[in-house]
Amino acid sequence: MTPLDYALFTLLAPLGVAVVLALWNGLRQTGKLAAWISVATALLSAFAAAKLLGAHAANEPLGGLSIPWLIHGDLQSASPLRGSIIELGVRLDGVSVSMLMVVTFVAACVQLFSLGYMADESDADYGRYFTWQSLFLFAMNSLVLAPNLLQLFLGWELVGLVSYLLIGFYYKKPSAARAAVKAFWVTKFADIGLLLGLIVLFVDTGTFAWSVPVPHAEWVAGLLFFAVMGKSAQFPLHIWLPDAMEGPTPVSALLHAATMVAAGVFLVVRASPLFVQAPDVGTLMVYVGSFTALFAAVIAVTQNDIKKVLAYSTCSQLGYMVAALGAGNIVGGFFHLTTHAFFKALLFLAAGSFIHAVHSNDIRHMGGLLKPMKVSGWTFIIGAAALAGLPGFAGFFSKDLILEGMFEAGHLLPLIALIVAAGLTAFYMGRVVFIALLGEPSMHAHEHHPHPAPPVMQAPLIALAVPALLLGFGGPTMAAWYGQIYSFHLGAVGITASAMALAGLAGAWFMFGPKQGGAGLKSAFEPGGRLAASGAVDRAWIGAYKAILLTLASAIGWFDRYVIDGLINVVGETTLRLGQALRPLQNGNVQHYLYAVALGLLALGTFGMFAQ
């Protein structure tokens, strides 16, 4: 098989499974068989992506595929905006191949884990879940392999739809249904930016290509970044992501930690030639990303729901990526996207095994889980260390590359925010580890007798722990794919960030470790955490909705009712009255008609005489 064949398999195989399961009700209702078909396809897709990555590493020609879809304008025109051919297909290079490996590997691990985690669901729900999982894999792969922005837009919207379906998987639960609708509308609101950006780009250039000079680059990049803010949960459009934790935990690992939310970051990486033409938008990205990183880290400090801690952590880490890309550090942003996908998926799945064991999301209902759940516990600790950026773990290398890039670009205030966020990250992850894994078992945990996760849930954890440990050493290879040279060196910025992380971890041990000290420090965190987590941003959006959108809708409704409808009603009423006035002339009396004809002829004759 050629590299193109492997790429097409990652697209068509999950699509085929999703279509068959959706249309073949009997197969979907079997549950277990449908699940294994979906899992096998995901595993084969990961294998195909690995073959592609191997071919790229060996400098083999990857090829590609372009299929003409639409022809716009006159291809023979001499105009600068002459006609163009809009294509669909597959683009294979270092960016798409590496991202494809991330998506397929994480998706395969999540689906395998789901076999155990979702085992208690009914056969119908089991089959429905894996149907959507296969559809998501196709949607994300089509986005990653897109040769232009138009195909990315199609995959982008399909990813949003499947995300809505999976967040609302427990649709009979009101909070889950609300969370799904909230995620859908917030991301769709942001997606208006992507649609308008595509329109401006096409009007400017006559193409949807990734790399093309754009006269209104600031407008296009700004509109695309607005879409990125929604998809990648940047302040103030981050409000949907914590609520999305209402979906099953494997869904949180796949869609809202590793791949779906990373689609926005991937868009900026892929369209970096366009964003380079918009330096003001880049500066905006730096400040939005760094603020989001710090803001979300502050909220995560006070959360007791283990999934909410990880959700706000995802917002924070996406902020690092956005800030790096805004500063022009494409390698740093994409490298952190890659490492984060693996260790955050690991953290969510390990958290899922804790939830599965104690039937609660609250870390206060856990405690002492490391002893009965060694594989889940130790892999969670590895993921937490990578997220905290502790030296030697994957997150340490990618986060250091971002911070060094911010320093070199001269963004000192955002750099300080990111370094403080690094300390808070280590603190809140240390808090979870010391309470849920190393703390005294709670009465709730005693009642449920925690036990090791089944092998089908442990295997994905081990598989994800490996890149969480070792992937940081792959930075030079990834940089080479961009034509850049990267060799790790620990400078003053990296030492400062590492010291902050270790200080945050030490603070967590002091406050939540065996001695449970620092009561005053604990109370100092609470006001800021309560303020950040109070839903003020949600209320601001609701206020804007009522004050602006509803007011505007009311004004438009009045204009439609009394101006548009009023004008039409006046015309109709006038016509009706005129018709009623003329109605006596049509009374069916032949004599009256003859009189009218005679009078008409007389009038015409008189007019003719005087006209001469």
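The values are calculated or read from the model by the stated rules, or taken from the named source; none is laboratory data. Quantities reported herein were computed from a predicted structural model and do not represent experimental measurements. Because the Cβ atoms are built from the backbone with ideal geometry, glycine has one as well, and the counts that use them run over all protein chains shown. Side chains are part of the model used for accessible areas, which takes the heavy atoms of the whole protein and leaves out ligands, DNA and RNA. Shrake-Rupley method; radii C 1.70, N 1.55, O 1.52, S 1.80 Å.
See the values below:
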read-out	value
Convex hull of the chain built on C-alpha atoms - directionally averaged projected area, nm²	41.7 nm²
Rule-of-thumb Rg ratio for the stretch 253-399 [Cα; 2.2 N^0.38 Å; N residues]	1.11
Label-point separation, A22 to H449 (7 Å along Cα→Cβ), nm	4.4 nm
Y171-R583 FRET efficiency (beta carbon distance; Förster radius 51 Å; 0.05 resolution)	0.30
Acute angle (nearest 10 degrees) that the helix 174-205 long axis makes with the longest principal axis of the chain, alpha-carbon atoms	70 degrees
Kirkwood Rh, angstrom, the stretch 387-502 [1 / mean 1/r, Cα pairs]	16.6 Å
Heavy-atom surface of the chain, accessible at 1.4 Å and reported per residue (Å²)	43 Å²
Equivalent ellipsoid dimensions for the stretch 380-446 as semi-axes, Å, which come from the Cα gyration tensor, largest first	31, 13, 6
Equivalent ellipsoid semi-axes - Cα gyration tensor, the stretch 1-150, angstrom	34, 20, 11
Spatial extent of the stretch 311-381: Rg and Dmax, with the Cα atoms as the point set, Å	15.4, 46
18 Å Cα-Cα reach of K188 towards aspartates and glutamates, excluding residues that sit fewer than 8 places from it in its own chain	E157, D243, D538
Extension gain (nm, one decimal) between A547 and T283, 0.36 nm per residue minus Cα-Cα	92.0 nm
Probe 1.4 Å - accessible area at I564, Å² to nearest ten	70 Å²
Debye intensity ratio I(q)/I(0), log10, the stretch 97-253, q values 0.11, 0.14, 0.18 Å⁻¹ (C-alpha model)	-0.49, -0.75, -1.12
Between 0 and 90°, nearest 10: helix 330-358 axis offset from the chain longest Cα axis	70 degrees
Carbon/sulfur fraction of accessible area - the chain, other protein chains in place, 1.4 Å, %	70 percent
Ordering of 139-150, 355-366 by packing [mean C-beta count within 10 Å, highest first]	139-150, 355-366
Set of lysines near K515 by C-alpha distance (under 20 Å), chain-local residues within fewer than 8 positions excluded	K371
Angle between the chain longest axis and helix 565-582 axis [Cα atoms, degrees, rounded to 10]	20 degrees
Chain lengthening between L470 and A57 when straightened (0.36 nm per residue, less Cα-Cα)	146.9 nm
Overall Cα dimensions of the stretch 241-331, principal axis frame, Å, largest first	42, 24, 19
Mean Cα-pair separation over length for the chain, i.e. relative contact order, pairs under 8 Å, 6 or more apart, %	11 percent
Distance (nanometres) between label positions extended 7 Å along Cα→Cβ at K32 and A50	2.7 nm
Among 17-29, 322-334, 237-249, the order from most to least packed when residues are scored by Cβ within 10 Å on average	322-334, 237-249, 17-29
Segment R178-H592, length gained on full extension (0.36 nm per residue, minus Cα span)	141.8 nm
Of L196, V269, P514, farthest towards positive along the dipole that unit charges on Lys, Arg, Asp, Glu beta carbons give the chain	P514
Cβ crowding within 10 Å averaged over residues, with 211-219, 43-51, 99-107 ranked highest first	99-107, 43-51, 211-219
Tail fraction, Cα-Cα pairs, the stretch 290-348, threshold 13 Å, whole percent	59 percent
